[in-house]
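**Student:** I have a structure I would like to understand better, so I am pasting it below and will then ask my questions one at a time.
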Amino acid sequence: MKKYNFNAGPSILPKETIDNTAKAILDFNGIGLSIMEISHRSKDFQAVMDEAVALFKELLNIPEGYSVLFLGGGASLEFCMIPYNLLEKKAAYLNTGVWANKALKEAKFFGEVIEVASSKDANYSYIPKDYIIPTDADYFHITTNNTIYGTEIHTDIDSPVTLVADMSSDIFSRPIDVKKYGMIYGGAQKNLAPSGVSFVIIKDEILGKVSRSIPTMLDYRTHIKDGSMFNTPPVVPIYAALQTLKWIKSIGGLEVMYKMNVEKAEVLYNEIDRNSLFEGTAAKEDRSLMNICFVMKEEYKHLEADFFTYATERGMVGIKGHRSVGGFRASTYNALPKESIEALVKCMQDFEQAHK
Ligand SMILES: *Cc1c(COP(=O)(O)O)cnc(C)c1O
């Protein structure tokens, strides 16, 4: 049976990424060896690293003065590296969900943390708007896409202090104005590559301003200086990331990607709003293009398990909502074809017919 992959992460990747990575695992560049069994300092792998960095810069239009890094440890390690490297006295965080909270918690090990606003009062179903960023904070941290709750900050916000953004689940989903950010980071396993690598885009001049000493491996300057090769980088995930970047470029770049993402999300949101059995959980203006959360209306809650079985039997994979929201979540990352959305919509329509 055909599978429609709506997994939240690790999640669907372009077929090209999987095919090309599989090939390189068997025989890399025709050298007769696997990419897994050669030195990361070899000419062939150095070319992969250089091209991945160059494509990051090209696709995101990253200005001069920023470095692109590929590191291990996932987005979760960045949660502590950020305050380690940037927090001297005080940092400000926007609390938009589980991941934002995890980031905030790590900052508390290093200094004072101001939670400028929170949407916890409504189970993080919206993005707080009216908040004041303290101008004496060392940085302001946001989570642009809240993978669990299906909310997203759709614009590049203005911040009077260094803006730091966790873009784990919406990087490369739209063009961004990188110069508004001091740092953008995330785990690669949502929209870019298999797990094992995180990406960091950092403005060089924001570093070196804290008075504490930083262990070598946790100091961003180490990785900038050594081109993400201070130690052995996650070679295979970086190779896979490069394949995804090439695929994005072949499609026409981020303007085209964004247009496709808007179109895909619209089809599913329209059905959620039209269908008499379902309703969305996120505030309309904050609805994510990447993670679409919906539940059964109160009077149909008893059908939730039935719908899950019904959809699973029709090839839908990974549509169970996160336990803290319940219901359903369809992750509609870049690589998800529109055809998958159409299959899910058809499934919702047929289920509605059967239960009228
Ligand atoms: C998945 C996710 C993370 C965690 O990433 P790891 O690489 O597993 O540490 C952090 N932030 C957001 C927004 C995520 O979606």
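The values are calculated or read from the model by the stated rules, or taken from the named source; none is laboratory data. Note that the coordinates shown come from a computational prediction; the quantities given were computed from them, not determined experimentally. Cβ placement follows ideal geometry from the backbone for every residue including glycine, while neighbour counts extend to all protein chains displayed. These area figures cover heavy atoms from the full protein model, side chains too; ligands, DNA and RNA do not enter into them. Shrake-Rupley method; radii C 1.70, N 1.55, O 1.52, S 1.80 Å.
**Student:** Quick check on my filter: what residues within segment 309-325 are within 21 Å of Glu339 (Cα to Cα) and either open to solvent by 20 Å² or more (accessible area, probe 1.4 Å) or among the basic types (Lys, Arg) (or both)?
**Tutor:** Correct list: Thr309, Tyr310, Thr312, Glu313, Arg314, Val317, Gly318, Lys320.
**Student:** Another question, then. Only residues that are over 17 Å from the mean Cα position of the chain (by Cα) and either of a type in the set (Gly, Ala, Ser) or in a helix (DSSP H, G or I) (or both): list them for segment 1-16, please.
**Tutor:** Result: Lys15, Glu16.
**Student:** OK, next. Please enumerate the residues belonging to segment 187-234 that are closer than 20 Å to Tyr333 by Cα and out of contact with any Phe, Trp or Tyr (no Cβ under 7 Å at 6 or more places or on another chain).
**Tutor:** Gly187, Gln189, Ala193, Pro194, Ser195, Gly196
**Student:** Are any of the residues in segment 117-134 over 15 Å from Ile157 (Cβ atoms), open to solvent by 30 Å² or more (accessible area, probe 1.4 Å) and β-branched (Val, Ile, Thr)?
**Tutor:** Looking for residues that are over 15 Å from Ile157 (Cβ atoms), open to solvent by 30 Å² or more (accessible area, probe 1.4 Å) and β-branched (Val, Ile, Thr), one finds none in segment 117-134, hence no.
**Student:** Continuing with the same structure: Mind listing whichever residues of segment 152-169 are crowded, with 24+ Cβ neighbours inside 10 Å and more than 8 Å from the ligand (Cβ to nearest atom)?
**Tutor:** Passing the criteria: Glu152, Val164, Ala165.
**Student:** Looking at segment 43-85 only, could you name the residues that are open to solvent by less than 30 Å² (accessible area, probe 1.4 Å) and either among the polar types (S, T, N, Q) or assigned to a loop (DSSP other than H, G, I, E, B) (or both)?
**Tutor:** Correct list: Ile62, Ser67, Asn85.
**Student:** Scan (1) more than 16 Å from the ligand (Cβ to nearest atom); (2) farther than 30 Å from Leu344 by Cα; (3) surrounded by fewer than 21 Cβ atoms within 10 Å (Cβ to Cβ) for the single condition Asn20 breaks and write down its number.
**Tutor:** If we test Asn20 against (1) more than 16 Å from the ligand (Cβ to nearest atom); (2) farther than 30 Å from Leu344 by Cα; (3) surrounded by fewer than 21 Cβ atoms within 10 Å (Cβ to Cβ), just (2) comes out false.
**Student:** Please verify whether Tyr149 is over 17 Å from the mean Cα position of the chain (by Cα), within 16 Å of the ligand (Cβ to nearest atom) and within 17 Å of Glu285 (Cα to Cα), treating the condition exactly as stated.
**Tutor:** no
**Student:** Which residues, counting only those in segment 57-91, are polar (S, T, N, Q) and within 16 Å of the ligand (Cβ to nearest atom)?
**Tutor:** Residue satisfying the conditions is Ser76 alone.
**Student:** Determine, yes or no, whether Ile176 is within 16 Å of the ligand (Cβ to nearest atom), open to solvent by less than 10 Å² (accessible area, probe 1.4 Å) and on the phi < 0 side of the Ramachandran plot.
**Tutor:** Details: within 16 Å of the ligand (Cβ to nearest atom): yes; open to solvent by less than 10 Å² (accessible area, probe 1.4 Å): no; on the phi < 0 side of the Ramachandran plot: yes.
Against the criterion (within 16 Å of the ligand (Cβ to nearest atom), open to solvent by less than 10 Å² (accessible area, probe 1.4 Å) and on the phi < 0 side of the Ramachandran plot), Ile176 does not qualify.
**Student:** Can you tell me how many residues within segment 100-116 are open to solvent by 60 Å² or more (accessible area, probe 1.4 Å) and either closer than 14 Å to Ile82 by Cβ or within 16 Å of the ligand (Cβ to nearest atom) (or both)?
**Tutor:** Matching residues across segment 100-116 total 4.
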